[in-house]
Structures are given as C-alpha cells and as structure tokens.
1. Could I have the simple spin-label model distance between H264 and D610, label points 7 Å from Cα toward Cβ, reported in nm to one decimal?
2. Using a 1.4 angstrom probe with every protein chain in place, what is the largest-first accessible-area order of T15, T660?
3. Tell me, what is the FRET efficiency for I143 and I497 to the nearest 0.05, using R0 = 56 angstrom and their Cβ-Cβ distance as r?
4. Sorting C212, C327 by accessible area (1.4 Å probe), largest first, what list results?
5. As a quick test, which of the pairs K240/K547; K504/K569; K308/K580; K78/K321; K470/K580 have an alpha carbon distance above 28 angstrom in this structure?
6. Report the extension gain between K552 and E449 in nm, rounded to one decimal, defined as 0.36 nm multiplied by the number of residues separating them, less their alpha carbon distance.
7. Could you tell me the accessible area of S175 in Å² (1.4 Å probe, neighbours in place), rounded to the nearest ten?
8. For Y313, what accessible area in Å² do you get when you roll a 1.4 Å probe over the heavy atoms of the protein chains, rounding to the nearest 10?
Amino acid sequence: MATDLGELLVPYMPTIRVPRTGDRVFKSECAFSYDSPESEGGLYVCMNSFLGFGREHVERHYHKTGQSVYMHLKRHVKEKATGAAGGAIPRRRNGKVFLDLELNRDFNGVDYEYEDEAKLVIFPDHFEIPLPNIEELPALVTIACDAVLNASSPYKKQEADSWEEEIQVSRHARSLRQQDNGVRIPPSGWKCAKCEMRENLWLNLTDGSVLCGKWFFDGSGGNGHALEHYKETNFPLAVKLDTITPDGADIYSFDEEEAVLDPHISEHLLHFGIDMLQMQRTENGHHTDNHVQPRVSDWEVIQESSLKLKPVYGSGYTGIKNLGNSCYLSTTMQVLFSIPEFQRAYVGNLQRIFDYSPLDPTQDFSTQMAKLGHGLLSGQYSKPPMKSELIEQVMKEEYKQLQRGISPKMFKALVSKGHPEFSSNRQQDAHEFFLHLINLVERNSSGSENPSDVFRFLVEERVQCCQTQKVRYTQRVDYLMQLPVPLEAASNREELIAYESKRKEAEENMRPPPEPVRARIPFTACLQAFTEPENVPDFWSSALQAKSAGVKTSRFASFPEYMIVQIKKFTFGVDWVPKKLDVSVDVPDFLDLNRLRATGLQAGEAELPDITPPIVISEDTRDSTTNNSLESPEIDESSVMQLAEMGFPLEACRKAVYYTGNMGAEMAFNWIIAHMEEPDFAEPLAIPTYLEPDLPGPSFPTSSVLDNQPPEESISILTSMGFPRHHTIQALKATVSVLLHLLHVQPNSNSDVFYFPRWLIYNDHKICLSERPPKDLGYMYFYRRLSSC
C-alpha cells in the first residue's frame, strides 16, 4: 500500500510544499465564505498556497489553479453524555490533530467534546488518504502535513509580525533637562511652529517646541522641522502628540536615531501641562477623564437587559462575533450591508467577483466585502435552534437564543492592514472607521459601481470678510453631517446647576457625590449650532489684500440618499484631557433639512476678488543679512493629502492648494485639471525671491481653451475613480463646476427629508427586535432620504 500511495502522489509532488517562515496557513476559515472545519462540509486547505476553502468553493480553486492536493479538516462536536467527566471547556479526543485551531462556536456553560479528522484529498477524483499515515506516505508529504496541522493561526502571526523589535530605554531619559520657559501645550489646535503643519506633530521634551516630522514615501508626514530643530539645539527626545495615553506614547530619540522608551514620560509631559495619567481610552476610541463616573445603568439601557427580547434569524439577521474590542467594525458593516447599493455592488455581483478574484483572495478587498456581505445576508449562519435543543435549554433554565454568527477575522486583517489603530486590538471610533472604509471602497471601485456614492453630498461654504462684507462661495465633498452639542441649550439647565452645586458641596465635605444628572439637549439646538457662523482662523481677505476677520457658514448644495448624522459628544478640557459629554439628544425619526439648502450668491452680495494670497516673509528673514530665503508659504496640508490620495503628484497638489489660496481641496482639484498638461506640472513649488503685494495668481484657462476635447490623461484619471466618461468630459469642459456636475446623482433634488428604518438590536451575534431603542444615547444616526416629500 505504501508503494501504491507513493506512486499515486508522484505526479503531484512538485505542487506540495512545506510551510516556510512567513507563510500563512488558513485552516480555520474559508477564503470565500465563513465555512470552517466545524461546518458540515469541513474545510479544504491547499497544500501549495495553504488557503482554506469550503466545500462549495474548493472546486473553483482547483479549476483556476490546477492544484489537486488538499488537506480536508473536519471537526465533530457533540455534547458529552450524562455523567461524563470533564468541565465546561470542550476537550480534544485526538490532541495531535488541529493544534492551535480556534473554536468557532459558543460553548458557554455546556459540556462538549470534539473529535478532529484530517485526510488528504486529490482532485478531481476526490481520492482520500486518511491522516496521520506516516508509514505509507512519502517523507516530504508527511512533513508538509505535520507542518500544516501544527501551524499557528495566520491572525496570531500577523499580530506578532505587527510588533517592532524590542524598544529600549533612551540613555537620555533619566538625565533629560527641561527648560523652565513657561510653555504649556493646549489640548487642541496644535500646529508646527515653522510651517503651519497640523499633522504628524512632535513635542520636543526639552523646550516644548511643537514641530512636524519628515515626509514619508506615501506623501504623509511633514517638512522635517523637528529634526532640523534637533540639529540646531541638540535637544534629543520628542514625543508624538496624538499618541499620548496613560499607557505611554511614541517617543523618538534623534541622537540614537530610533524609537525609544522614557520611564519618566509622565513627569516630562506634566512639565508642559499634559497630565497623561488622568486620561483613559473610552469605547469610542477617544480619551476621557478618569474621575468621571459612568452610570452602570447606561449599559443596561442600551442592552435593554430588563426586557425579554424576541430573537430573529435568517437573511439580514446574522450577528458578528466580537473579535476583541471590534464593535466599531461590526456596527459599521451591519449598517452598510443593510443598504441596497452595497448589497447590489458586492452580494449581487458575488459570482463575478469570486470568479475574477486574484490567486490570493484573502488580500482582495472586493472579494472580502462580497464574502462578508453574503455571510450577513444569506441567513446561512443565522439559523434558530432546533426544537429539541430549545426543549433541553428550557429544562436546564439556560435559554440563550444564540445563533452561530460570523467571525470576520480575515476581513479585519485586510482592511486594517498598515493602519496603526485599526490593526490593533484596542477599541476605535466608529466614525473614523466608517471614513476609512469609504476610502477603501472608493479606491477599489475603479471602473465599477461605487456604492459609497449614496453617502456623498456637496457642502457649500460661504466665507465673508467682516470688514468689506464681500463673500466667496466654494463647495466641498462630505460623507456625514457632524452636529455640535451646545450644552448651554440644555432643557434641564436648572437641574444641572443644582447638581453641580451639590457635587461641589459633597467634594468639599468629603461626602459621596450625588447621582449624576444627564444634560438633555434638544436636537433643534444642535441643528441651530450647526448653522451658526464660525470664525475663520488666519483669514486673508483678497479685497483688502491683508489678513482680516472672516466668518464661514455651511449649507447643503446637494443631499445624499443616506444621511449620516454624528453627534459630537466629545470636548477638550483646559487640562488637555478630552472628555465625553454625558448628554441625551432627542433625535427625531424624521429630519427635514430644507432650511439648510444652499442658495449660492445672492442679489446684492459682492464677491471677493479672485486673487492669490501674497507670499509670507518672516520678520527674521527681513532682518537677516545671512539668509535671504523666504519662509515656506502657508499651505493647507489636509487639502494636499486629499489630492495626493487621488493619485496626483505631491508637488502638484501643493502648488494647486497654494495657487487657489487654501480654499479647499475642490478648488485645488479644479486647478489640477486645468494645469496637468503643463510641462512643470509636477515640479516643486517655486517661490520668487521678491515680494509683490499685487502679484496675481495664475488664472484658470479661458472657456475657449476648454471648448476643445479635454486631454485624454485627464479623462482617464477621473474615469478611473468610477465617474462615467461622458460626465467626465462635460465636467472637464466646465472646469470650475466639475464636482457639482459629477455628483448630481439625486433622482429628485427637492428630496431633503430623511427617516430612520425600523429598529433591531445587534449585540455581537445576538439579534433581537428592539422594544425600547435608546435613540437619545446614540453617537451616529443613519437616515434614508424619502422618495417623495
């Protein structure tokens, strides 16, 4: 028999590999579904790529790759007989098989045992070879099978690989001398002291200077002023401002040229007014004060734990297992796949996406989105307990109403790859993850339907010079409506004042604090706060050709099919500690936004001249006789990053933002489209060495030029983003109104009323009908536009 098996495997020996260091072995989850060894058909692991496939998908892989040898893994789970020994944790019968294989079911409180079975299967004849079979198999095959069976989870390997080499304590940490210069770092509003950069900022721990980091290969980063400062001062240590938590922070030693640890970081930060030990991360990924006492009952209200809720099963009612602080991902994906456009784009095109998936579908965004959508919508993983199971549970008084649900580890690993926050196991903000995912959807929708268009809308921003009263109208794209929370508008203000008085009295007399009182904020007050004018920092008036006071108001130039409303329940205290607002907002079921519709330039309004801001020269530069170079121009780096993410050259993006006067990414985008054929399009921004106050900026091409066919390269760039070719050509000819033309996708521009869909409670993999939805305690609200008003 040994000779027979050896001869049988000879033709396939070149395709059988032994997993090497770095190879990921997917033996617990199918690449196209949520089938596992516990599924009825088990799981097939390719002995060449080590990808896992359910029974429904293994044939596709065989026909696509010609790979014939797979390891079939099957786990049989059953409840122990009455009186059997053992505890509540399932027990292996065959401990040598499926080492490190994670359990995919809920075994809480019930005594189970399981038996693992493995065999080699040769396609297309499905010839089976039971394992282990050391005596009869060739040595290479035996080694390969043993390596697969003992391989660690690919997700554990990813977590291990995500850790950098061990970070050492800096030799400067203990002896660091900090200057008593009175510097105090505010809780927000940071910017580089040399270039106005507002991202990738580092606090020098010697003198408190806030300076930007260096540019990275992907266009992110800064202008390297933190490093320049070290070269000038030899102050060695700096901490990245947005990484500070009670557990530590990202610290870099310029002298040692590596990331380091500082055992005294809390003392060094406190020197500049930052009390890191008083910060803790909340469930939304932000920080809050440790002294705030959250209500225990809040969680019970959200869970509706006092009610006996009716579970639901089937299509659209599939739960997502908690992967460890992953509720931000679960809630976002449940909502997205309740939207028809996302269902159609991924689940509706399931077979086409799977058929044209790359050889490694675990790394393909569309494949994993289709897999997740099918898992949530098919009902295959959301089946009610069998009648016999229900009777037994009732008799044991432990009715759990559980379904199998899905565990999207492969999806999370893909969408969080390379992201410092989402790739961790820490809790994150659902709003930030939503924007991150929308960016991935758009990036991977080239040449096909972009379902995220249902969230996209145009915001009209009106900026007015307070001195001349002249105005400028611009438009920008957005995906959600962020509403501020005006605490001063609380309807129970007297009750709050009384509570605060009692709290202070209890604190002074060393008594327990009174029961907290939650501020009740009318939703209309949040809307009113959204419409209020806001001051524009560093506003440069083209009418005065000087800095002046300016105010900005925002209105809707278009409305999306689905409006996301985020209640901004966080603020910063003077002690640098972000705080969560304990508020209740009476969010309505129906939302009429007609009064927020944009109007454009009104009769009697005078427009600000279209003049580029002058070049800024610092006083030090004017007075210096040794350095005649100009200070770096003021450039909105956030707009630069938005353009760079579209694929445009970084230097071209900087020029576009500069020459359009920092008026936003949309205006800069128009400049790019108009100038991308110029030979110096991607050359660095050249600043003249003299100052002309009246120097106008480069003008946009005239209509006579744009009447011709736009450059094919420009057309290709926009069509690659998913826009139709004929719309792209028309928009390029219109230039300044390009975004407005491209994004007018509403069937009825007068439809600006939205409503909430019916209520369900999704609590991990438990789905129930909600009886008392705590709408006033929400964070993000999804409204759908009515088809008629």
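The values are calculated or read from the model by the stated rules, or taken from the named source; none is laboratory data. These numbers were taken from a predicted model, which means no experiment stands behind them. Neighbour counts run over all protein chains shown; Cβ positions are idealised from the backbone, glycine included. Please note that ligands, DNA and RNA were not included when accessible areas were found on the heavy atoms of the full protein model with its side chains. Shrake-Rupley method; radii C 1.70, N 1.55, O 1.52, S 1.80 Å.
1. Inter-label distance under the simple model: 5.9 nm.
2. Numbers: T15 45, T660 15 Å².
Accessible-area ranking of T15, T660, largest first: T15, T660.
3. 0.15
4. Reading off the accessible areas and sorting them downward yields C327, C212.
5. K240/K547; K308/K580; K470/K580
6. 33.6 nm
7. Roughly 80 Å² of S175 is accessible to a 1.4 Å probe.
8. Roughly 60 Å² of Y313 is accessible to a 1.4 Å probe.
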